[in-house]
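Peer 1: Dropping a structure here in structure tokens format, bear with me for questions.
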Amino acid sequence: MKKIFAVLLLLTTACSATFAQTYDVKEHYTKKDVYITMRDGVKLFTSIYTPKDASKDNKYPVMMQRTCYSVAPYGETKYPGQLGPSKYMMQEGYIFVYQDVRGRWKSEGTWTNMTPVIDNKKGKTDVDEGSDTYDTIDWLIKNVAGNNGRVGQWGISYPGFYTAAGILSNHPALKASSPQAPISDFFFDDFHHNGAFLESYFFTYPVFGVQKKDTTAKAWYNNTMINPGTKDGYQFLLDMGPLKNADKYYKDNFYWQETVNHPSYDEFWQKRGLLKHYGKVKPAVMTVGGWFDAEDLTGPLAIYKTIEKKDPNAYNTIVMGPFGHGRWSRETGHTMHSNIYFGDSIATFYQKNIEQKFFNHFLKGNGDKNSGLPEAYMFNTGKNEWKTFDKWPSPAAVKEKLFLNSDGKLAAAQPTAAGSTSYVSDPLKPVPYTEDLPTTIGFTPHNYMSEDQRFASRRTDVLVFQTEVLADDVTLGGEIMAHLKVASTGTDADFFVKLIDVYPADEPNNPYMPNKSITLSNYQQMVRSEVMPARFRNSFERPEALVANQKTEINFRVQDVLHTFKKGHRIMIQVQSTAFPLFARNPQKFVENPYKADESDYIKATETVFNDSYLEVDVLK
């Protein structure tokens, strides 16, 4: 499990070994380690890298990243292989600043997951990430020689959250902010989807739920990591049984206990959400995400849309590429996700033509709204090309319905006669979410987001609906809403909906496929998916039991998409009630707190989906 820490460091630095051999950071930058004192007296460890030619006549803007994942390497004589979001910005020259947030690594203070925002601060003890960002920027502008008075902030994943929260600092020197794969709300991203617990994150709790005793450069939580003794996370977590049995591993893990004790969207989670606090956004914002981000797909879309709605006059843009979590930060040559090939050097295109252009304009250029970038830079994952939009979702999109017919067909017309399809869901024999077993034991199950779904479609506890072979290309571009009409013999259930691109039988393999045992002939590529617990169908704050055997509406958002289903392909929808261990198993018997359910609460149930169920999609003509 020590590999987790290596992954976290990779997200914060995205170092390129090849480039490090040809560009010596130490030769071009001077490093200084300082403690910056916050308004409440807590000191935050900060590493500052300044171009050696910076002077009062040659000034540089500041690029800052605040992170809970360590600003290593520590020590003024030790340099990373790369600075900044990309080698291009490093080579061009910025003052790069990295800071351990409070309670982490060499910084003082107490660690809090998703620090609650305090909108109306009444004194020096009212601190949050916005105030820490403000105090840090203020110190940097006043004390770092050779800066031009402009600051940009960026970060991926949790550092993306700190960037998104930093927007709320309202420091006048913060001119450009790029939250990348940011978390906006832990009840809908990362640890939960619509309140359903992601058991795939089970092994990460030591990283987020153990307080350190003092400032440190070493991972203090390593001795609390679980050694599962297997590479099969499905079997390990199934054998563990109900979630209440996790206490034998995490009895003293404060974040696990917080998760267990707050199973609904109560004040604990609500006060950690960012979205309600936007309203007076001052810096230019470019939110970045990946269409196949298994950690944070909700966050980028939610933050962009919220700022767009609440701050219509703000410079607010979004970029969505064909990437997994944070993978736009490092070039892989052939851009792949699982077995799907999207083209070459796409990360380089993003870094040079989008990211660098954004920061250069607002930190080195005139900083007006005419940046030369579009409102939305979105990658079409079916046609493998970038598309630009003046607004997202596009006003040109036409809303259409795809009905789940009881004969297994997916059609635009609502069936004229009532019908339904049923399956038996057994939480003791849950549907696996992947065939890629090694990814079930690590930090993030990356590959499932575009993985072949044939293993699921051939099970009796998964419903399959698909169109006829498409006579023309069909582009879904925008939002997706699931409108299910269901009934259950149990009193609770989850419904996991998957949008799938079914390839034709003569589809050739691409030359870069990592898994040679997979064929793209008849491949069922997952394009988008989402889960919804029936208990939250009316309110995330107040869960309700299902009435057994009663037809019930369950409506929920399946995240946005830009994907062309090509002529000769089919569009498929799959519906199931387990996807283990991506999501924890719903007992299917309503209990007040699923984290404390007994083994006897886990029951088989027959789930019925009626044929007036449909997905509402945005179609680009």
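Peer 1: Where in segment 336-397 are the strands (runs of 3 or more DSSP E), entirely inside, with at least 3 residues that are surrounded by 17 or more Cβ atoms within 10 Å (Cβ to Cβ), modelled with pLDDT of 95 or more and in contact with a Lys or Arg (Cβ under 8 Å, 6 or more places away or on another chain)?
Peer 2: Strands (runs of 3 or more DSSP E) meeting the threshold: 376-380.
Peer 1: Residues to consider are Val34, Val42; find the one that is open to solvent by less than 50 Å² (accessible area, probe 1.4 Å), among the β-branched types (Val, Ile, Thr), under 30 Å from Asp128 (Cβ atoms) and in contact with a Ser or Thr (Cβ under 6 Å, 6 or more places away or on another chain).
Peer 2: Criteria check complete, one pass: Val34.
Peer 1: With surrounded by 22 or more Cβ atoms within 10 Å (Cβ to Cβ), within 13 Å of the chain's Cα centre (by Cα) and in a strand (DSSP E or B) as the only criterion, which of Gly155, Gly160 stands out?
Peer 2: Of Gly155, Gly160, the one residue that is surrounded by 22 or more Cβ atoms within 10 Å (Cβ to Cβ), within 13 Å of the chain's Cα centre (by Cα) and in a strand (DSSP E or B) is Gly155.
Peer 1: All but one of (1) open to solvent by 30 Å² or more (accessible area, probe 1.4 Å); (2) in a strand (DSSP E or B) hold for Ser406; state the number of the condition that does not hold.
Peer 2: (2)
Peer 1: Please verify whether Tyr88 is assigned to a loop (DSSP other than H, G, I, E, B) and either open to solvent by less than 30 Å² (accessible area, probe 1.4 Å) or under 18 Å from Thr22 (Cα atoms) (or both), treating the condition exactly as stated.
Peer 2: No, not satisfied.
Peer 1: (1) farther than 30 Å from Lys271 by Cα; (2) part of a strand (DSSP E or B): which one isn't true of Val531, the others all being true?
Peer 2: (1)
This table checks each residue for (1) crowded, with 23+ Cβ neighbours inside 10 Å; (2) more than 24 Å from Thr434 (Cβ to Cβ); (3) among the hydrophobic types (A, V, I, L, M, F, W, C).
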residue	(1), (2), (3)
Ala456	yes, no, yes
Gln466	no, no, no
Val469	no, yes, yes
Glu479	no, yes, no
Thr489	no, yes, no
Ala493	yes, no, yes
Ile500	yes, no, yes
Pro514	no, no, no
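Peer 1: Oh, and also: Identify, please: which residue in segment 598-608 is surrounded by fewer than 22 Cβ atoms within 10 Å (Cβ to Cβ) and touching a residue at least 24 places away in the same chain (Cβ under 8 Å) and is, among those, nearest to Arg557 (Cα to Cα)?
Peer 2: For segment 598-608, the residue satisfying everything is Thr608.
Peer 1: Hey, does segment 238-254 have a residue that's in contact with a Leu (Cβ under 9 Å, 6 or more places away or on another chain) and more than 21 Å from Phe186 (Cβ to Cβ)?
Peer 2: Yes; the residues of segment 238-254 include at least one that is in contact with a Leu (Cβ under 9 Å, 6 or more places away or on another chain) and more than 21 Å from Phe186 (Cβ to Cβ).
Peer 1: May I pose another question? What pairs can you find where one residue is in segment 97-121 and at positive phi and touching a residue at least 60 places away in the same chain (Cβ under 8 Å), the other is open to solvent by less than 20 Å² (accessible area, probe 1.4 Å) and among the aromatic types (Phe, Trp, Tyr), and their Cβ atoms are less than 7 Å apart, with a gap of 6+ or different chains?
Peer 2: Listed by first residue and then by second, the contacts come to Gly103/Trp111; Trp105/Phe45; Met114/Phe161; Met114/Phe186.
Peer 1: Another question, if that's okay. Can you run down the residue pairs with Cβ atoms below 6 Å, 6 or more apart or on separate chains, where the first is in segment 380-396 and within 17 Å of Pro322 (Cα to Cα) and the partner is modelled with pLDDT of 95 or more and open to solvent by 80 Å² or more (accessible area, probe 1.4 Å)?
Peer 2: Asn380/Lys387
Peer 1: Looking only at segment 531-558, count how many residues are open to solvent by less than 20 Å² (accessible area, probe 1.4 Å) and under 30 Å from Lys621 (Cβ atoms).
Peer 2: Looking only at that region, the number is 4.
The values are calculated or read from the model by the stated rules, or taken from the named source; none is laboratory data. Note that the structure is predicted; figures quoted are calculated from it, not measured. Cβ sites come from the backbone with ideal geometry, for glycine too, and all protein chains shown count toward neighbours. In case anyone asks, the SASA skips ligands and DNA or RNA and just uses the protein heavy atoms, side chains included. Shrake-Rupley method; radii C 1.70, N 1.55, O 1.52, S 1.80 Å.
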